[in-house]
1. Please verify whether the range 184-197 includes one or more residues that are closer than 28 Å to Ile5 by Cα, among the polar types (S, T, N, Q), touching a residue at least 24 places away in the same chain (Cβ under 8 Å) and buried (at least 17 other Cβ atoms within 10 Å of the Cβ).
2. Counting just the residues of the range 293-341 that are among the aliphatic types (A, V, I, L, M) and open to solvent by less than 40 Å² (accessible area, probe 1.4 Å), which one comes out farthest from Leu275 (Cα to Cα)?
3. Tell me whether the range 158-173 contains one or more residues that are in contact (Cβ under 8 Å) with a residue 40 or more places away in the chain, buried (at least 16 other Cβ atoms within 10 Å of the Cβ) and part of a loop (DSSP other than H, G, I, E, B).
4. If I filter the range 252-283 down to residues being closer than 20 Å to Pro329 by Cα and of a type outside the set (A, V, I, L, M, F, W, C), which single residue comes out as most open to solvent (accessible area, probe 1.4 Å)?
5. Which is farther than 26 Å from Trp113 by Cα and either at pLDDT 95 or above or not polar (S, T, N, Q) (or both), of Leu131, Leu142?
6. Criterion first (open to solvent by 50 Å² or more (accessible area, probe 1.4 Å), more than 17 Å from Gly34 (Cα to Cα), at pLDDT 95 or above and not polar (S, T, N, Q)) does Trp215 satisfy it?
7. Go through the residues of the range 94-105 one by one and say whether even a single one is over 20 Å from the mean Cα position of the chain (by Cα), open to solvent by 50 Å² or more (accessible area, probe 1.4 Å) and among the charged types (D, E, K, R).
8. Taking the range 18-72 as the search range and keeping residues that are under 17 Å from Ala134 (Cβ atoms) and among the basic types (Lys, Arg), which one is most open to solvent (accessible area, probe 1.4 Å)?
Amino acid sequence: MNKEINWINWAKIYGMLLVYLYHTSYYLHLPDSGYNFYGPFFVNVFLFISGYLIFRKQLSTPVIDIPKKTWTQGEGRTMLSNILFRIALPTVIFSTINFFPKKILRGEQIELWSFAHDTILGGSLWFTCTLTVAELLIFLLLLSRWRSIWFYVAYAFCIAAAGAFIMQICATADISLSVPWHYTQGMVAVLYLTLGGLYWKAEQRIDHILRGSRWAMLFIVYLVVMFLTVNFAWQDFIFETLFSDLILNITGVLMLIYVSKQFAASDFVNKLATLSIGLYFLSGAVPNILAVAWTKVFGEAESAAWIVLTVCSFAVSACAVWLIKRYIPWLFDLRLLKKKGC
């Protein structure tokens, strides 16, 4: 596998390990999990990678040369189908699978509205809901057939600003931001997808700038902005979302990419990376179950238990996703049922 894809797979694994690290600490009720340090990039790296892969394909010749009508019937239709069958529908399926164990573990009543909120309306698996909305918006922008990545970045910035503005209004009016399908976060996420595309366009130049010890300057910028963000409250929510958070998120993602590019190709990592979306779908349920079991048997958890449970949760989830993909793969893509003639 070429080096270009190799770093993507390493970044996926690092990002997903941090997802499990955070979820495990959350269910163990640990006050200090280092979230302030890794929070800005452990999810955004997946948005960045998605944008990188989308624009690498869609803005490359000969795809970008395809007229709008032909594109919508071919590549565009395939893109739309993949968003629906590989992201949106699996989100509903796994939200449904997760719903009942979650309610039982929390001792909550099972109600129709709660079920609809967590599944059809996309209230529980927020990241894939956000990704669905963001990729649909990218699809609409690609209908323009513009070649320049800057066109998409400019429009994405406007969409993200509108999303941040709606977030501010909803927060002020105490209106839920989670339904339908975390659309406001999806609007903001469009910006990160287009920045992933921008990185694809300028990858060699950026890597040249950050070569050697220069990446340390990026790390210093990250620490300074993180310190300011944690210790000082910005007066304007939109400014915070689009500027301070943006700087923190971009520098964090670039640091993770830099680290990912330092490792050689690994067949194990490459195979593990193919399980990433399934690992996300189980990243709430499995750590929750193991955390509850640990607490009942051993009582309050310490840092060592947190690390052990994170590794165990990740390993159990990886095995479960591998088994699902091997024996009931249509859970991740319902189109496989048609191919099998079911």
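1. Within the range 184-197, the subset closer than 28 Å to Ile5 by Cα is 185-197.
Retained after the next criterion (residues that are among the polar types (S, T, N, Q)): 185, 194.
After this cut, where a residue has to be touching a residue at least 24 places away in the same chain (Cβ under 8 Å) as well, the list is 185, 194.
So of that shortlist, the ones also buried (at least 17 other Cβ atoms within 10 Å of the Cβ) come out as 185, 194.
Checked against the condition, which is being closer than 28 Å to Ile5 by Cα, among the polar types (S, T, N, Q), touching a residue at least 24 places away in the same chain (Cβ under 8 Å) and buried (at least 17 other Cβ atoms within 10 Å of the Cβ), the range 184-197 yields at least one hit.
2. Narrowing the range 293-341 to residues among the aliphatic types (A, V, I, L, M): 293, 297, 301, 304-305, 307-309, 311, 315-316, 318, 320-321, 323-324, 328, 331, 334, 336-337.
Filter again for open to solvent by less than 40 Å² (accessible area, probe 1.4 Å), leaving 301, 305, 309, 318, 320-321, 324, 331.
Numbers: Ala301: 28, Ala305: 25, Leu309: 19, Ala318: 7, Ala320: 10, Val321: 6, Ile324: 10, Leu331: 13 Å.
Selected residue: Ala301.
3. Scanning the range 158-173, I find no residue that is in contact (Cβ under 8 Å) with a residue 40 or more places away in the chain, buried (at least 16 other Cβ atoms within 10 Å of the Cβ) and part of a loop (DSSP other than H, G, I, E, B), so the answer is no.
4. Top of the filtered list is Lys271.
5. Numbers: Leu131 fails: farther than 26 Å from Trp113 by Cα.
Leu142 is the lone residue from the list that is farther than 26 Å from Trp113 by Cα and either at pLDDT 95 or above or not polar (S, T, N, Q) (or both).
6. On the way: open to solvent by 50 Å² or more (accessible area, probe 1.4 Å): yes; more than 17 Å from Gly34 (Cα to Cα): yes; at pLDDT 95 or above: no; not polar (S, T, N, Q): yes.
Here the answer is no, as Trp215 does not meet what is asked.
7. no
8. Lys57
The values are calculated or read from the model by the stated rules, or taken from the named source; none is laboratory data. Predicted model, so just to flag it, every value in this text is computed and none were measured. Cβ coordinates were reconstructed from backbone atoms using ideal geometry, including for glycine residues, and neighbour counts include every protein chain displayed. The area values use the complete protein model at the heavy-atom level, side chains included, leaving out ligands, DNA and RNA. Shrake-Rupley method; radii C 1.70, N 1.55, O 1.52, S 1.80 Å.
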